[in-house]
Amino acid sequence: MRLFFCNVDKLCEATSVTKNTVPFLSALRSEPAPWIAAWGVLALAGTLLLCRIELNAIRLGFETDSRIAHRLLTQRTVQHDAILATLEASNGTDAHGCAASAYKQVAIIYPQVLSATCRPTSEHHLDRLAESEDLSRLHHRATVDSRDFAQGRYWLVLAGATRTWALHIDIRKMIPRGEWPAAPLHIDLHSDAQTLALQQTGNTEGLWNLKFEKHLSSDTQPFDLRIRRSLQWGDLPWLKAGIWLLMLSVAFIIAANVRRQVVGRSRAEGLLRLRRAERLNTMGELAAGVAHELNQPLTAILANCQAARRLLDQPQTDAAVLREALSRAVEQARRASTVVNRFRTALEHPNAPGEVRPVVLATAVDRVLHLLEPEIRQRQVTVKRSETPQPLLVLADPVALDQILHNLLLNALQAMEAVASTSRVLHIDIARDGAHAVLKVADSGPGIQPHQLPQLFDPFFTTKPAGLGLGLTLCERLIESMGGRIAGSNRATGGAEFMVVLVHAATEAAK
Ligand code: ADP
């Protein structure tokens, strides 16, 4: 009889497997869809940001390179003007008054100067530079003869009062190879309708094209500089994006695991709390104890009665021995009766119900649905809820209320296993009916056999192979202890419906 006198809650704790045990492994299963969606959004946003930063860096680099190329070419053109000015200022010593040594040195010092010439103005009409010479004289500055521009050369002519100087310039040598920007650029120089390609690296057309166009800042050689860079898929920061995706994935795996552990722990704690509260589930153990305790007196009663019958069969019955045998049988019967009475007392007066206080009914439903979430997912059940616009407060022991909801919802989920997964719908309705709140839990399962309806709340009534038949008994007892009632029925559209009526807290407070 040890079981009769020990703390019932502790017994529940010790009873590790009950009919309502939810497999913890399934509780730890995650919901992948929101995680995958969040990962996708962050992965895309991060990759786009990296591409944007990279493209921006390339654009800034391109602009810097272009400005450097523009400055280098401009410096050279200014240098050409300076050379001519220096030559003009020099006093000639040869027959024409030209400074022969000076202008011959120029071609040696400056690699882009193919040749430098000087001749008296009187001879100007004799060669191809005559036109440029006239223009130079007219504008009082050097002028360009760019007829050979497309071949990479031009003449820069400066006409003085008595002498004319001309520089023959190789455009490609204006900037030494090593001074050009290293980036893959297309650099063209334009003069009138002629174009000279100074550098051609990379593709001409790509996914994105960067362009730079500017005149050289020179009055005498105002060529147009055009620079292009085309960006391909390969210019995108694939390595950085790969590292970002890897880091993001690792972070998500860690976060998902942490969350799964937290949710799993809270669910396990919730279930443990409920299991502790399921005082009547110990009835299985109590029943086992009762069977054990009854076995002994019943065996003794049987033995004493059989002895009495044997005594009566004898020709001369010893009345004292017969009385003794029957007295022992009576004594054992009393003992059996005491055992039964104790069992009934334990059933009728389980541990005192907890404190009854106002509880939001919908919040309790949320809490229990969260606990049963793995069970719902595993059975592919659709949950449909309807509630009052204002949350309904009921007078209840919160733990007992959770226990009642857990029993009803789990029964409904188990009942729906008998129908196809596509038609499994769990309805939870919360409504107000005057001074009461009405909660209905309905399912689309096979329903309850009509002849079983009156037995639903009887202790040990069950149709499940491993059922105890104490869940609804417990629900009824707990609900009644909170001043409510429960009823079970079949729905017209199929499936079972359990209606729980509880006292509305606000109405009670107003009394
Ligand atoms: P158990 O779940 O251990 O059988 P319960 O007291 O919770 O004990 O339920 C008693 C019986 O009531 C169940 O065995 C089942 O036959 C019936 N029952 C309860 N809920 C439903 C339901 N939603 N649909 C059909 N039958 C149900």
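The values are calculated or read from the model by the stated rules, or taken from the named source; none is laboratory data. Quantities reported herein were computed from a predicted structural model and do not represent experimental measurements. Positions of Cβ are generated from backbone atoms using ideal geometry, with glycine treated the same way; all protein chains shown enter the neighbour counts. Quick note on the areas: whole protein, heavy atoms, side chains included, nothing else; ligands and nucleic acids left out. Shrake-Rupley method; radii C 1.70, N 1.55, O 1.52, S 1.80 Å.
Taking the mean number of other Cβ atoms within 10 Å as a proxy for protection, how do you rank 401-412, 256-267 from highest to lowest? Please report the intermediate quantities before stating the final value.
Values: 401-412: 24.7, 256-267: 14.1.
The densest-packed peptide leads the list: 401-412, 256-267.
Probe of 1.4 angstrom, ligands and nucleic acids ignored: what's the accessible area per residue over the stretch 321-461, in square angstrom?
Working: 7030 Å² over 141 residues.
So the stretch 321-461 comes to 50 Å² accessible per residue, rounded to a whole number.
Which value, in Å², gives the accessible area per residue of the stretch 187-277 when a 1.4 Å probe is used on the protein heavy atoms?
Values: 5280 Å² over 91 residues.
Averaged over the residues of the stretch 187-277, the accessible area is 58 Å².
Using heavy-atom solvent-accessible surface (probe 1.4 Å) with all chains present, what is the largest-first order of Glu63, Glu133? Can you show the working numbers first?
Numbers: Glu63 65, Glu133 0 Å².
Ranking Glu63, Glu133 by accessible area, largest first, yields Glu63, Glu133.
Shape of the stretch 390-445 from its Cα gyration tensor (a ≥ b ≥ c, root eigenvalues): rounded if a/c is under 1.5, otherwise prolate when a/b > b/c, or oblate?
oblate
Which of the listed residues, His406, Leu395, Pro446, is farthest toward the dipole's positive end in the stretch 393-450, when Lys, Arg count +1 and Asp, Glu count -1 at the beta-carbon?
The Cα lying farthest towards the positive end belongs to Pro446.
Rounded to whole Hz and in sequence order, give me ³J(HN,Hα) for the stretch 234-247 from the Karplus expression 6.51 cos²θ - 1.76 cosθ + 1.60, θ = phi - 60°, writing x for Gly and Pro.
Using θ = phi - 60°, the values come out as x, 7, 6, x, 5, 5, 4, 4, x, 5, 4, 5, 5, 5 Hz.
At 7 Å along the Cα-to-beta-carbon direction for both Asp313 and Arg67, put a label point, then send me their distance in nm to one decimal.
Those two pseudo-labels are separated by 12.5 nm.
With a 1.4 Å probe and every protein chain left in place, tell me how much accessible area Glu205 has, in Å² to the nearest 10.
Accessible surface of Glu205 is approximately 120 Å².
Once neighbouring chains are kept in place and the probe is 1.4 Å, which whole percent of the accessible area of the stretch 365-427 is contributed by carbon and sulfur?
After summing per-atom areas, the C and S share lands at 55 percent.
Can you compute 3J(HN,Hα) from phi for each residue in the stretch 383-393, using the Karplus curve 6.51 cos²θ - 1.76 cosθ + 1.60 with θ = phi - 60°, rounded to whole Hz and x for Gly and Pro?
Values, residue by residue: 9, 10, 10, 9, 9, 6, x, 8, x, 8, 9 Hz.
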